[in-house]
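Please read the structure below before turning to the comments.
The values are calculated or read from the model by the stated rules, or taken from the named source; none is laboratory data. Being a predicted model, the structure only gives us computed values, none of them experimental. Because the Cβ atoms are built from the backbone with ideal geometry, glycine has one as well, and the counts that use them run over all protein chains shown.
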Amino acid sequence: MRKKFIGANWKMNLLYDEAKKLFAELSKPSLSASDAEIVIFPSSIYLSEFARLKGLPLGAQDLYFDDSGAFTGAIAARQLKSISCDFVLIGHSERRITFSETDEVVNLKVKRAVRTDLNVVFCCGESLAVREADKHLEYIENQLINGFKDLDETELKNCIIAYEPIWAIGTGLNASNSEIEEMHGFIRSSIAKRFSTSLSQSIRIIYGGSCNQDNASEIFSLKDVDGGLIGGASLEFESFEKIIKSL
Ligand code: PGA
C-alpha cells in the first residue's frame with residue numbers, strides 16, 4: 001500500500017512573516033496527523049528556522065550536485081541534511097527551462113541527493129508542443145532514463161516521481177483524468193521495465209499542474225496517482241487544507 005504524498009511547492013513566493021504564519025497553521029496537529037505524508041517546500045532561506053519549529057517535514061526546491069566548495073549561491077545536499085531538511089525537488093520544469101537545467105545536470109543532482117540520503121521528488125513533464133505532436137510518452141520515458149541514469153533500484157526507493165505537464169502548471173488547465181491515468185500507468189510500467197516490478201509497485205507517482213481544492217479529490221482517486229505536488233493552491237491555508245482533507 002503506497003502512502004499518499006502531498007507536497008506544497010511555494011516556489012519564490014511568500015515574505016518571511018507570511019511564510020512563517022502559513023507554516024505554523026499547516027503544522028497544526030489536525031493536519032500533520034493526516035494519513036498522507038505532507039511536505040512543505042518553502043524558499044531555502046526559511047528552511048533552517050522552520051526545521052527548528054519541528055512542524056511538518058521540509059524539502060528544498062533545488063540543490064547543487066557538488067558536496068562543498070566554490071559554488072557561490074549554491075546549496076549542497078549535505079547542508080540540507082545538516083538542518084534536518086529531508087526532501088528535495090529535482091528537475092522541476094521551471095528549473096529546466098528558466099535555469100537551463102539539462103537532463104545531465106538533473107541526473108547529477110538526483111545521484112548526489114539519493115546518495116546523501118535525501119528523499120527526492122523527481123519532476124518530469126512535457127510541453128504542449130510535445131503533447132500535440134503525440135510524443136509525450138516517449139518524451140517522459142527519456143526524462144526518466146536520463147534522470148535515473150547510473151542509479152540502481154535501491155537508490156530509487158526513496159524517490160517520488162511527480163508528473164507535471166508544463167502546460168498545466170499555473171495555468172488553471174489541469175490534465176484530463178484519462179491523460180493523467182495514461183501517463184501514470186506508463187511511468188509505472190517504464191520503472192518496471194528498467195528496474196523491477198517491485199519498485200514499480202512501491203514507488204509513488206504524484207500529479208502536479210493546477211491541482212486545487214475543486215479537482216484534487218478526483219485526481220487523487222485516479223489509478224496510479226499517489227498524491228500531488230501543489231503550487232498556487234498551497235499558498236493559502238484554506239485551499240491547501242481542503243486539498244489535504246480531500247484525500
Ligand atoms: P501549480 O504548480 O499547482 O501552481 O500549477 C505546480 C508545480 O509547479 O509544482
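Would you check if there is a residue in the stretch 233-246 being within 13 Å of Cys123 (Cα to Cα), buried (at least 18 other Cβ atoms within 10 Å of the Cβ) and either within 16 Å of the ligand (Cβ to nearest atom) or not polar (S, T, N, Q) (or both)? Outline the logic, then answer.
Of all residues in the stretch 233-246, those within 13 Å of Cys123 (Cα to Cα) come to none.
Checked the stretch 233-246: no residue is within 13 Å of Cys123 (Cα to Cα), buried (at least 18 other Cβ atoms within 10 Å of the Cβ) and either within 16 Å of the ligand (Cβ to nearest atom) or not polar (S, T, N, Q) (or both).
If Gly227 meets every condition in (1) over 18 Å from Val106 (Cβ atoms); (2) out of contact with any strand residue (DSSP E or B) (no Cβ under 7 Å at 6 or more places or on another chain); (3) within 13 Å of the ligand (Cβ to nearest atom) apart from one, which number is that one?
Only one criterion is unmet by Gly227, namely (2).
Taking the stated definitions as given, is Leu53 modelled with pLDDT of 95 or more, surrounded by fewer than 14 Cβ atoms within 10 Å (Cβ to Cβ), more than 21 Å from Asn107 (Cβ to Cβ) and not acidic (Asp, Glu)?
no
Is the stretch 25-35 home to any residue that is touching a Ser or Thr at 6+ places or on another chain (Cβ under 9 Å), surrounded by 14 or more Cβ atoms within 10 Å (Cβ to Cβ) and on the phi < 0 side of the Ramachandran plot?
yes
Just name the residue that is surrounded by the most Cβ atoms within 10 Å (Cβ to Cβ) out of those in the stretch 192-210 that are of a type in the set (Gly, Ala, Ser) and part of a loop (DSSP other than H, G, I, E, B).
The selected residue is Gly209.
If you scan the stretch 44-74, which residues turn out to be in contact (Cβ under 8 Å) with a residue 12 or more places away in the chain, within 17 Å of Ser100 (Cα to Cα) and not acidic (Asp, Glu)?
Gln61, Leu63, Tyr64, Phe65
So is Ile166 touching a Leu at 6+ places or on another chain (Cβ under 8 Å) and under 19 Å from Leu31 (Cβ atoms) or not?
no
Step by step: first the residues of the stretch 13-23, then only those that are over 14 Å from Leu47 (Cβ atoms) and out of contact with any helix residue (DSSP H, G or I) (no Cβ under 7 Å at 6 or more places or on another chain), then the one that is farthest from the ligand (Cβ to nearest atom). Which residue is that?
For the stretch 13-23, the residue satisfying everything is Asp17.
On the basis of being in contact with a His (Cβ under 9 Å, 6 or more places away or on another chain), within 29 Å of Val114 (Cβ to Cβ), away from the ligand (no atom under 11 Å from the Cβ) and modelled with pLDDT of 95 or more, does Leu222 make the cut? I'd like the intermediate steps shown before the answer.
Numbers: in contact with a His (Cβ under 9 Å, 6 or more places away or on another chain): yes; within 29 Å of Val114 (Cβ to Cβ): yes; away from the ligand (no atom under 11 Å from the Cβ): yes; modelled with pLDDT of 95 or more: yes.
So Leu222 fits the description; yes.
Yes or no: Gly227 over 15 Å from Thr171 (Cα atoms), within 16 Å of the chain's Cα centre (by Cα) and surrounded by 18 or more Cβ atoms within 10 Å (Cβ to Cβ)? If you could, list the steps in order and put the result at the bottom.
Working: over 15 Å from Thr171 (Cα atoms): yes; within 16 Å of the chain's Cα centre (by Cα): yes; surrounded by 18 or more Cβ atoms within 10 Å (Cβ to Cβ): yes.
In short, yes.
Return the residues of the stretch 211-239 that are hydroxyl-bearing (Ser, Thr, Tyr), out of contact with any Phe, Trp or Tyr (no Cβ under 9 Å at 6 or more places or on another chain) and not in a loop (DSSP other than H, G, I, E, B); say none if nothing qualifies.
If the condition is that a residue be hydroxyl-bearing (Ser, Thr, Tyr), out of contact with any Phe, Trp or Tyr (no Cβ under 9 Å at 6 or more places or on another chain) and not in a loop (DSSP other than H, G, I, E, B), then Ser217, Ser239 are the ones that fit.
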